Amino acid sequence: MLLAAASPEAAGVFIELGLIIVALAIVARVATSFGFSPIPLYLLAGLVVGVAFPLSFSEEFIEVGAEIGVILLLFMLGLEYTGEELRDNLRVGLPAGGLDIALNFTPGLAAGFLLGWSPVAALLLGGVTYISSSGVISKVLSDLGRLGNRETPSILSLLVIEDLVMAAYLPLVAVLLLGVGLAAGLASLVVAVATAGAVLVIAIRYGEPMSRLLANRSDEVVLLSTFGLVVLVAGVAERLQVSAAVGAFLVGIALSGPVADHARELLSPLRDLFAATFFVFFGLQIDSAAIPDVAVLAVGLALVTGLTKLFTGWWAARRAGVGERGRFRAGGALIARGEFSIVIAGLGVTAGIEPQLGPLAAAYVLLMAFAGPIVTRSIDGWVLARRRRRAGTTAGA
Amino acid sequence: MPRIEETQLPGVGLRHDLTTRAGDRLGVITHRTGRRELLLYDRRDPDSCRDVVRLDEDEGHALAEVLGGTKVAESLDNMIQQSVEGLTIDWLPATASWSCAGHTVAETMLRARTGVSIVAIVRGVQTVPSPTPDFRIEAGDTLVVVGTPEAIKSAFTHLESGVGT
């Protein structure tokens, strides 16, 4: 069947896919050599492809790939932290986590309302500005050798809380996006949040025996069984109208222990491939002609939420007893937004609720994913320079 | 005995810190993958690291062997020469009711908690010299330990009932 399909069409699909992936490889190479996250560049590549070279064969394939990408992104996010880490950080990090929501969710939400968007679209924009990119941040911290720093636990703790917030937020928007009536919406919301809560409790209490069931010495067995489980649960969740992303996320949370480590190791390359597909696909869907119209807005939103994140990190680190320089480092590190902002915006774009949401989110993430690592890198120097200047003036006076 | 502090790094692993008598702060991050990072904190800004050395799992073990191994060898040497310097060697029989049974050497946290080192494990007729941190202690093993008499007493209670708490 497959061989018989080696028609011009199959050849076209391969050639298009090959060209796109080779282009992404070049882009990723450039990004890593400058120490940047390739995510914004993937998005940019999608925008360029959408304008310059309309795809004729592989769009359908890319669409499925993109959906798998979202599933794997969310699964790995859920996998990132163990049940115990979630529980412990919920206790310690709650004040900082609350401040994080108040300062970083609100600007997006307010901007949405000011633009006259529907409440759901505003809620999505709030999510876009709220969630920091744990992928970009942990990579930058590791590259800069800052994992051992005393402010780092504060940063990671905030990321953990954001992770937990996603567990409630994603089912909420999934239900709201369905656009069903208030009563039906409330009912499915209760079901969705109750499921999320139940999975969290089960993961913390029984994660270990469950994970032992999946564990196996063979890479192949673990790869197939976890990937199969994730896709299956995601599909069932989608059928139950809870959104595939939520299902995948909950599977990630439920897995813990050695099998989680094993799955993380095995599925990371798969996630990188499909997530890149997703970023390209998101770029493809964006009407790039609309970006100049929202550029000013995106810059404004970026400035505001950059400063609010800076303050959030600064405050969290101060609470942990970290010195002045460390507080600014923590704040700077948290600025980066990335993959999950795109996932959230993608939910809205797929549902087709607000034409401006996609372009605005794309421009915003492009700015933040570039600015975040730059600020993280240089903020320590800025603080030092400022301190030296101040010391100089007092000495001179 | 210097105090070693432990800090969770969610999503990354575990960090252990130690301040030396000379005032330098050292740390080790154990990544979930087994990779280690050796940290040297900056004296002017104690929140940040002056230097980070990345070690893979084997290099970490090799370094631990060099650092810990000589200490054990030295103390054994001293004992053989009868210049005992307050150190004792003891044989502790781990029965099934002991809390350390079923745990790895690393999981017992024996050295961090009590300052006592396990220099060998006798299992049946076989002796395992310098067991690696991932060596799993079984009921019926005899643990050969080195430390001060007081420390060995606390090691006894720790291995019997304190592991995993």
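Quick notes
- Taking the range B:113-147 as the range and being outside any strand (DSSP E or B) and among the hydrophobic types (A, V, I, L, M, F, W, C) as the test, the residues that pass are B:Val116, B:Val125, B:Phe135, B:Ile137, B:Ala139.
- Listed by position, the helices (runs of 4 or more DSSP H) inside the range A:29-118 whose residues that are surrounded by 18 or more Cβ atoms within 10 Å (Cβ to Cβ) and over 20 Å from the mean Cα position of the chain (by Cα) number at least 1 are A:39-52, A:83-114.
- The residues of the range B:9-31 that are among the acidic types (Asp, Glu) and facing chain A (nearest Cβ under 9 Å) amount to a single one, B:Asp17.
- Residue match in the range A:143-165 (condition: away from chain B (no Cβ under 14 Å), in contact with a helix residue (DSSP H, G or I) (Cβ under 9 Å, 6 or more places away or on another chain) and part of a helix (DSSP H, G or I)): yes
Let's see how each residue does on (1) in contact with a helix residue (DSSP H, G or I) (Cβ under 9 Å, 6 or more places away or on another chain); (2) more than 8 Å from chain A (Cβ to nearest Cβ):
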site	(1), (2)
B:Thr33	yes, no
B:Asp47	yes, no
B:Glu57	no, yes
B:Gly68	yes, yes
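- Of residues in the range B:78-105 being touching a strand residue (DSSP E or B) at 6+ places or on another chain (Cβ under 9 Å) and farther than 17 Å from B:Ser161 by Cβ, the one modelled with the lowest pLDDT: B:Met79
- Qualifying residue in the range A:174-187 (condition: away from chain B (no Cβ under 14 Å), assigned to a helix (DSSP H, G or I), among the β-branched types (Val, Ile, Thr) and in contact with a Ser or Thr (Cβ under 9 Å, 6 or more places away or on another chain)): yes
- Any pair with Cβ under 9 angstrom, 6 or more apart, that starts in the range B:118-131 at a residue that is in contact (Cβ under 8 Å) with a residue 60 or more places away in the chain and ends at one that is not charged (D, E, K, R): B:Ser130/B:Gly68; B:Ser130/B:Gly69; B:Ser130/B:Val72; B:Ser130/B:Ile118; B:Ser130/B:Val119; B:Ser130/B:Ala120
- Those residues of the range A:119-140 which are surrounded by fewer than 24 Cβ atoms within 10 Å (Cβ to Cβ) and within 14 Å of chain B (Cβ to nearest Cβ), in sequence order: A:Gly135, A:Ser138, A:Lys139, A:Val140
- Cβ-Cβ under 8 Å pairs, at least 6 apart or on other chains, the range A:297-323 side surrounded by fewer than 16 Cβ atoms within 10 Å (Cβ to Cβ), far side hydroxyl-bearing (Ser, Thr, Tyr): A:Arg319/A:Ser154
- Where strands (runs of 3 or more DSSP E) sit wholly within the range B:1-62, those with at least 1 residues that are exposed (fewer than 15 other Cβ atoms within 10 Å of the Cβ) occupy B:4-9, B:13-19, B:49-55.
- With a requirement of 2 or more residues that are more than 14 Å from chain B (Cβ to nearest Cβ) and closer than 21 Å to A:Asp163 by Cβ, the helices (runs of 4 or more DSSP H) lying completely within the range A:283-397 that satisfy it span A:291-319, A:339-351, A:357-396.
- Unmet requirement for A:Ile20, which otherwise passes all of (1) out of contact with any Phe, Trp or Tyr (no Cβ under 8 Å at 6 or more places or on another chain); (2) within 14 Å of another protein chain (Cβ to nearest Cβ); (3) within 27 Å of A:Phe227 (Cβ to Cβ): (2)
- Residue within the range A:237-257 that is of a type in the set (D, E, K, R) and modelled with pLDDT of 85 or more present: no
- Output for the range B:153-165, where each listed residue is at pLDDT below 85, touching a helix residue (DSSP H, G or I) at 6+ places or on another chain (Cβ under 8 Å) and not in a loop (DSSP other than H, G, I, E, B): B:Gly162
- Subset tally (residues that are aliphatic (A, V, I, L, M) and touching a residue at least 60 places away in the same chain (Cβ under 8 Å)) for the range B:93-117: 2
- Selection of the range A:56-82 for residues being away from chain B (no Cβ under 11 Å) and farther than 30 Å from A:Phe14 by Cβ yields only A:Gly78.
The values are calculated or read from the model by the stated rules, or taken from the named source; none is laboratory data. All values derive from a computational prediction rather than experimental measurement. Neighbour counts run over all protein chains shown; Cβ positions are idealised from the backbone, glycine included.
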